[in-house]
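A.B. asks: Below you will find the structure I want to go over with you.
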Amino acid sequence: MDPRVKATMARVRPVSRVSVPAGSGRTQQEPLVQRNADSKTGGACAPLRLSDLVRDLISLGVRLGDLLMVHSSLRSIGFVDGGPETVVDALLQAIGPQGTLVVPTFTYPTAGDPEFLFDPIHTPSQMGAISEAARRRPEAHRSIHLAHSIAAIGPLAETITTSGGASGWDAHSPMGQVFNRNGRYLLLGVPYQNLTAMHLCEVWLGLPYRKPRSSEGRMRQPDGSTTPLVSIGTPPLPGNPGSDYNRLGQRMEDAGLVKLGPVGNAIARLLNAHDFRTAARDLTRQDPNGFLQQGAAVTQLTHGHTIESEKGEHCVVDPARMYRAS
């Protein structure tokens, strides 16, 4: 590990899981203030620039030519000059013109609504500001799925997004393409609970608690007409105790299979699909329920701070430097 990264990681320990409960001194409804980590008086931090983010991504290990799927939290990174567009620019600059950027543009929070109409061109991603900024790029391609579409930019974008059929999770699906091409996964300020490739592993390993299920909705065509759209997902069976994907992630970190470092204020985690597949197979051979929650809480990660908010969980260097617009 780069000595600078090592030093930074030393500063973010010990582990902390922090929630912002209603009625506390700083509630979920109040904006989280940008603060300088070295200032006891809470002075404002300078906005993160494009060059700052590119530097951090390269220091982490992102390479030119990478096939990179990114799960992200903008507020974990901190106050970025130019917002999510700058983050997308930084990712594209780090992987270069020969690299392909993939982001989830899932719509599962609303796809079950009978009135939901999937429009590949206009339906926004519900996976955060960075994924939506990437989806809106003119050069982006988007796959077709009611609940689990992805968007991609780069030489492999069209091939990946047009692969497979109705399933979002089998080996031929767009996400399966990233998995089978030994793509790399970047968790940018989020825990392994957000790593949807875990579902691909569950399907690949044939774990009994996930079974294919089709759903039918409607899709808007480029000419404005609507057509039926059948998509296949793999929801957990009733009685499932919930997923603990942090368990596998922490095992991989302990084995040195994950690159760790800061990108802005976010704790970033970078891993490749081959190592991920092998670790997942080994875990389930030891424990067929290795992906499932086995206690009152999921595995706590040992780097950085895990912050809970109304938007989910965020992995950060300094909780006070999380950004949320008022």
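The values are calculated or read from the model by the stated rules, or taken from the named source; none is laboratory data. For clarity, every value in this text was computed on a predicted model and none was experimentally measured. Here Cβ is always computed from backbone atoms with ideal geometry, including for glycine, and neighbour counts include all displayed protein chains.
A.B. asks: Which ones in the range 176-186 are over 20 Å from Ser149 (Cβ atoms) and crowded, with 21+ Cβ neighbours inside 10 Å?
C.D. replies: Arg184
So that you can scan it fast, the table gives a plain yes or no per residue for (1) modelled with pLDDT under 95; (2) on the phi > 0 side of the Ramachandran plot:
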position: Ile160; (1), (2): no, no
position: Arg181; (1), (2): no, no
position: Leu200; (1), (2): yes, no
position: Val203; (1), (2): yes, no
position: Gly206; (1), (2): yes, yes
position: Tyr209; (1), (2): yes, no
position: Ser231; (1), (2): no, no
position: Leu237; (1), (2): yes, no
position: Leu257; (1), (2): no, no
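A.B. asks: On to the next question. So which of Leu207, Leu146 ends up being surrounded by fewer than 23 Cβ atoms within 10 Å (Cβ to Cβ) and in a loop (DSSP other than H, G, I, E, B)?
C.D. replies: It is Leu207.
A.B. asks: Here is a further query. Which one of the conditions (1) assigned to a helix (DSSP H, G or I); (2) buried (at least 18 other Cβ atoms within 10 Å of the Cβ) does Pro109 fail to meet, given that it meets all the rest?
C.D. replies: With respect to (1) assigned to a helix (DSSP H, G or I); (2) buried (at least 18 other Cβ atoms within 10 Å of the Cβ), Pro109 is out only on (2).
A.B. asks: Let me ask you something else. Looking at the range 160-175 only, could you name the residues that are surrounded by 21 or more Cβ atoms within 10 Å (Cβ to Cβ) and assigned to a loop (DSSP other than H, G, I, E, B)?
C.D. replies: Gly164, Gly168, Trp169, Ser173
A.B. asks: Additional query: Looking at the range 233-242 only, could you name the residues that are in a strand (DSSP E or B) and either surrounded by fewer than 20 Cβ atoms within 10 Å (Cβ to Cβ) or among the basic types (Lys, Arg) (or both)?
C.D. replies: Pro236
A.B. asks: Let me ask you something else. Have a look at Leu283, Leu301, Leu257 and point out the one that is more than 20 Å from the chain's Cα centre (by Cα) and either crowded, with 19+ Cβ neighbours inside 10 Å or over 30 Å from Glu115 (Cα atoms) (or both).
C.D. replies: Result: Leu283 is the single residue among Leu283, Leu301, Leu257 that is more than 20 Å from the chain's Cα centre (by Cα) and either crowded, with 19+ Cβ neighbours inside 10 Å or over 30 Å from Glu115 (Cα atoms) (or both).
A.B. asks: Could you check the range 235-286 and list, in sequence order, the residues that are polar (S, T, N, Q), over 13 Å from Ala197 (Cβ atoms) and in contact (Cβ under 8 Å) with a residue 12 or more places away in the chain?
C.D. replies: Residues satisfying the conditions are Asn240, Asn246, Gln250, Asn265, Thr284.
A.B. asks: Tell me the residue from Gln28, Gln34 that is touching a Cys at 6+ places or on another chain (Cβ under 8 Å) and modelled with pLDDT under 95, please.
C.D. replies: The match here is Gln34.
A.B. asks: Here's a follow-up. Please determine, by comparing only the residues of the range 178-215 that are among the β-branched types (Val, Ile, Thr) and touching a helix residue (DSSP H, G or I) at 6+ places or on another chain (Cβ under 8 Å), which one is farthest from Tyr245 (Cα to Cα).
C.D. replies: Filtering first and then ranking leaves Val178.
A.B. asks: Here's another thing I want to ask about it. Among Leu248, Leu271, which is the only one that is buried (at least 19 other Cβ atoms within 10 Å of the Cβ), touching a helix residue (DSSP H, G or I) at 6+ places or on another chain (Cβ under 6 Å) and of a type in the set (A, V, I, L, M, F, W, C)?
C.D. replies: Leu248
A.B. asks: Further question on the same structure: Out of Thr306, Thr278, Thr299, Thr284, report the one residue that is among the polar types (S, T, N, Q) and under 16 Å from Gly189 (Cβ atoms).
C.D. replies: Residue meeting the stated conditions: Thr306.
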